[in-house]
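One structure is given below, encoded as structure tokens.
The values are calculated or read from the model by the stated rules, or taken from the named source; none is laboratory data. No experiment lies behind these values; they were computed from the predicted model shown. With ideal geometry, Cβ positions are generated from the backbone for all residues, glycine too; neighbour counts draw on all protein chains shown.
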Amino acid sequence: MTEPLVDPDVPGGLRAFIAGLPKAELHVHHVGSASPRIVAELAARHRDSRVPTDPEALAGYFTFTDFAHFIDVYLSVVDLIRTPEDVRLLTYEVARDMARQKVRYAELTITPFSSTRRGIDAAAFMDAIEDARKAAEAEFGTVLRWCFDIPGEAGLEAAEETARLATDDRLRPEGLVSFGLGGPEIGVARPQFKPYFDRAVAAGLRSVPHAGETTGPGTVWDALTYLRADRIGHGTSAARDPELLAHLADRGVALEVCPTSNIATRAVPDLAEHPIRAFAEAGVLVTVNSDDPPMFGTDLNNEYAVAARLLDLDERGVARLAKNAVEASFLDPAGRARVHEEIDTYTASWLAAR
């Protein structure tokens, strides 16, 4: 994309600190992370698509009127992923873009149902993402793990297929760590997905559903009660329920906050009304993420700048925010310790040089 939808007034020194800061990202979508260059390349491969083949034209195409329009456009990009080669290209290039932002670890949300229902063989799909994951770690040093999510709008057929792919030992990829639920929330009740989350959790996966992005706090409660959520994707409306905020804080349930996404999809009217400060003041573990960055004209560095402005953070505060994501991640203890140390070393060196 071009310029960020949200361009916070943050000092250049703090922006430079953020750019070099080792980071983890917990809420970022596979297809939604495709850069304009990759989207245009895929559109050129599949010319029956309505997606523009000119990267410059994508700026207008990725301007959303509301959340429903965003989903419609998102699914048109999903339709460009039609072969294992498309899957591998996308995954590897997403990792390359992450590495440029000093992302050391990312949990990438993938919707395998969207690919298998379009005819991509499930085993070939798994091989493609795993090949890209291993290559990215070897070449860029960025560690990727997967969250398989149910596209809620596709109903229980999608839930069954996603649960099968996530729990079948013959198909389940080595990098899979969690199980999620995405797509529209309105009209897509969380409790109906309980049996599928129960299967995933029994298979050792963590629960990370979207909830409370475009609906009220009740959806977050449902995600906690029925889906056994370890983290909550967005959780924007939780700020309207003090009891819920206290519960999240007491139980250590992190929120995956995506400020620019919330503005772009009209889930939040403007930054002045964004609840991230309310979350932090309530003691909730806040992590900052980019969601679908090229579609929203942002990246993870910009999201940290947005958060720094909203929370009045200096370098030490931004470093603590980065450590929140590591702490809330499903990275193994040795990996968490390594990234924590990288953050501490970088921050100490930066402050000593000021």
With Ser33, Ser115 as the choices, which residue is closer than 30 Å to Ser349 by Cβ and of a type in the set (S, T, N, Q)?
-> Ser33
Within segment 335-354, can one find any residue that is outside any helix (DSSP H, G or I), over 29 Å from Pro242 (Cβ atoms) and more than 20 Å from the chain's Cα centre (by Cα)?
-> yes
Looking at Val188, is it surrounded by fewer than 22 Cβ atoms within 10 Å (Cβ to Cβ) and within 18 Å of Ile232 (Cα to Cα)?
-> yes
Find the residue count for segment 57-101, including only residues that are under 25 Å from Asn262 (Cα atoms), assigned to a helix (DSSP H, G or I) and among the aromatic types (Phe, Trp, Tyr).
-> 4
Across segment 234-256, the tally of residues that are in contact with a His (Cβ under 6 Å, 6 or more places away or on another chain) and either within 16 Å of Ala189 (Cβ to Cβ) or at pLDDT below 95 (or both) stands at 0
Any hit, segment 175-190, residues being modelled with pLDDT of 95 or more and in a helix (DSSP H, G or I) = no
Please go through segment 82-117 and pick out each residue that is crowded, with 19+ Cβ neighbours inside 10 Å, small (Gly, Ala, Ser) and at pLDDT 95 or above.
-> Ala95, Ala106
Evaluation of Phe148 against (1) within 22 Å of Asn301 (Cβ to Cβ); (2) surrounded by 18 or more Cβ atoms within 10 Å (Cβ to Cβ) (one fails), failing number = (1)
When you go through (1) under 19 Å from Ala34 (Cα atoms); (2) touching a strand residue (DSSP E or B) at 6+ places or on another chain (Cβ under 7 Å) one by one for Pro173, which number turns out not to apply?
-> (1)
Mind listing whichever residues of segment 129-140 are surrounded by fewer than 24 Cβ atoms within 10 Å (Cβ to Cβ) and either farther than 21 Å from Pro36 by Cβ or of a type in the set (S, T, N, Q) (or both)?
-> Glu130, Asp131, Arg133, Lys134, Ala135, Glu137, Ala138, Glu139
Is it true that some residue in segment 230-242 is crowded, with 17+ Cβ neighbours inside 10 Å, charged (D, E, K, R) and within 21 Å of Leu321 (Cα to Cα)?
-> yes
Out of curiosity, is Ala68 surrounded by fewer than 20 Cβ atoms within 10 Å (Cβ to Cβ), without any contact (Cβ under 8 Å) to a residue 24 or more places away in the chain, aliphatic (A, V, I, L, M) and on the phi < 0 side of the Ramachandran plot?
-> no
With Ala154, Ala211, Ala159 as the choices, which residue is touching a His at 6+ places or on another chain (Cβ under 9 Å) and either within 23 Å of Val78 (Cα to Cα) or buried (at least 24 other Cβ atoms within 10 Å of the Cβ) (or both)?
-> Ala211
Write out, first by first residue and then by second, each pair whose Cβ atoms fall under 8 Å of each other, whose residues are 6+ apart or on separate chains, and whose first residue, in segment 104-130, is within 30 Å of Glu341 (Cα to Cα) and charged (D, E, K, R) while the second is surrounded by 24 or more Cβ atoms within 10 Å (Cβ to Cβ) and at pLDDT below 95.
-> none
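Each row is one residue, and each column tells you yes or no for (1) out of contact with any strand residue (DSSP E or B) (no Cβ under 6 Å at 6 or more places or on another chain); (2) surrounded by fewer than 16 Cβ atoms within 10 Å (Cβ to Cβ).
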| site | (1), (2) |
| --- | --- |
| Thr260 | yes, no |
| Glu273 | yes, yes |
| Gly283 | yes, yes |
| Pro293 | yes, no |
| Phe296 | yes, no |
| Ala308 | yes, no |
| Asn324 | no, no |
Residue selected from segment 131-155 under the condition farther than 20 Å from Arg338 by Cβ and acidic (Asp, Glu), by the criterion nearest to the chain's Cα centre (by Cα) | Asp149
Within segment 272-281, can one find any residue that is touching a Pro at 6+ places or on another chain (Cβ under 8 Å) and more than 21 Å from Ala24 (Cα to Cα)?
-> yes
Can you spot a residue in segment 290-297 that is within 23 Å of Gly12 (Cα to Cα), at pLDDT 95 or above and within 21 Å of the chain's Cα centre (by Cα)?
-> yes
In the set Ala308, Ala334, which member is touching a Gly at 6+ places or on another chain (Cβ under 9 Å), at pLDDT 95 or above and at negative phi?
-> Ala308
